[in-house]
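The values are calculated or read from the model by the stated rules, or taken from the named source; none is laboratory data. Worth saying up front: this structure is predicted, and the values here are computed from it rather than measured. FYI the Cβ positions are ideal-geometry reconstructions off the backbone, even for glycines, and counts take in every protein chain you see.
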Amino acid sequence: MGLLSASTSVVRFVAAKPARVERDAIARAVTKHAFRESEPGVGDARQAWGWVTIHDPLLVEFSAADLFFHHYLVLGFRYDKRLVPPKLLMLERRRLENERKVERGVGKLGAAERREIKDEITQRLVARALPTPRLFDVVWNLEAGRVYFSGKLRAAREAFGDCFRRTFGVTPVPLIPYLAAEHVGLEPRQVDAVRAVEPASLTGVAVVAPADVPRLPLPPPEIDEDEDEEEMRE
């Protein structure tokens, strides 16, 4: 879902703008790292990612007019993932293992050969699987040094960070609450004070179990020696 959707999740990053904002050079860099379909036998066939234009995810040729809106750089990010159903992988692996055992007349294969069979089946199935595409919006405020990414999928965020670094030479850092204190105008001593805060309970009331509730470890049961002797005589 994009930033203009009725409901979306946005992850904020910090990324300083380049020393020189040359719009045509940035457009060429984005085009160089635009989305390309994964090729069998090249790189990781299970996933592919790259930039697309925000107004049309099928366009991967960029000009400065496609990217800049005032002091914002706006573009799309496409992330494709090829998934192999675990059950299918298990069935195909067992089928090939049985064929090998029949050919060799053995009842069991070695661990190394079983791993080799699993990798072979995985590569074969990945090459036949259809990719699942996901589209994200990216907005970079070049004045404030903030980047907004419209998605929380971890794998996509990691791919986005890698692509952003390769394209712009800057690594986007997630603006988590712990780091946000550095970017809201606090003085250095105030930032240090925030970092030194000890974890605390937010409930405000300590929960104490009633006195009659048994606590572990339970004490051994008391034995009445007189009753034991009577039972033994009986």
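Tabulated data for the structure shown
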| read-out | value |
| --- | --- |
| Extreme residue, modelled with the highest pLDDT, among residues of the range 1-55 that are in contact with a Ser or Thr (Cβ under 9 Å, 6 or more places away or on another chain) and closer than 28 Å to ILE121 by Cβ | ALA48 |
| Selection status of GLY76, part of a strand (DSSP E or B) and either at pLDDT below 85 or in contact with a strand residue (DSSP E or B) (Cβ under 7 Å, 6 or more places away or on another chain) (or both) | yes |
| Selection status of ALA65, in the same structural domain as ARG20 (by TED's automatic domain parsing) and farther than 20 Å from GLY151 by Cβ | yes |
| The range 60-73: number of residues that are surrounded by 15 or more Cβ atoms within 10 Å (Cβ to Cβ), assigned to a loop (DSSP other than H, G, I, E, B) and modelled with pLDDT of 90 or more | 1 |
| Check on THR53, within 30 Å of LEU175 (Cα to Cα), exposed (fewer than 12 other Cβ atoms within 10 Å of the Cβ) and either in contact with a strand residue (DSSP E or B) (Cβ under 7 Å, 6 or more places away or on another chain) or not assigned by TED's automatic domain parsing to the domain that holds LEU175 (or both) | no |
| Scope the range 119-160; condition small (Gly, Ala, Ser) and either modelled with pLDDT of 95 or more or touching a helix residue (DSSP H, G or I) at 6+ places or on another chain (Cβ under 8 Å) (or both); matching residues | GLY151 |
| Enumeration of residues in the range 162-184 that are outside any helix (DSSP H, G or I) and at pLDDT below 65 | VAL184 |
| Filter result for ARG100 (out of contact with any Lys or Arg (no Cβ under 6 Å at 6 or more places or on another chain), outside the structural domain of LYS152 (by TED's automatic domain parsing) and either at pLDDT 85 or above or not basic (Lys, Arg) (or both)) | yes |
| Residue within the range 23-30 that is in a strand (DSSP E or B) and in contact (Cβ under 8 Å) with a residue 60 or more places away in the chain present | no |
| First in the range 148-176 and surrounded by fewer than 16 Cβ atoms within 10 Å (Cβ to Cβ), second anywhere and assigned to a loop (DSSP other than H, G, I, E, B), Cβ under 6 Å, 6 or more apart | LYS152/SER9; ARG165/THR171; ARG166/HIS33 |
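Yes/no per residue for (1) more than 30 Å from VAL30 (Cβ to Cβ); (2) hydrophobic (A, V, I, L, M, F, W, C); (3) buried (at least 17 other Cβ atoms within 10 Å of the Cβ):
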{"residue": "TYR79", "(1), (2), (3)": "no, no, yes"}
{"residue": "MET90", "(1), (2), (3)": "yes, yes, no"}
{"residue": "LYS108", "(1), (2), (3)": "yes, no, no"}
{"residue": "ALA111", "(1), (2), (3)": "yes, yes, no"}
{"residue": "VAL138", "(1), (2), (3)": "no, yes, yes"}
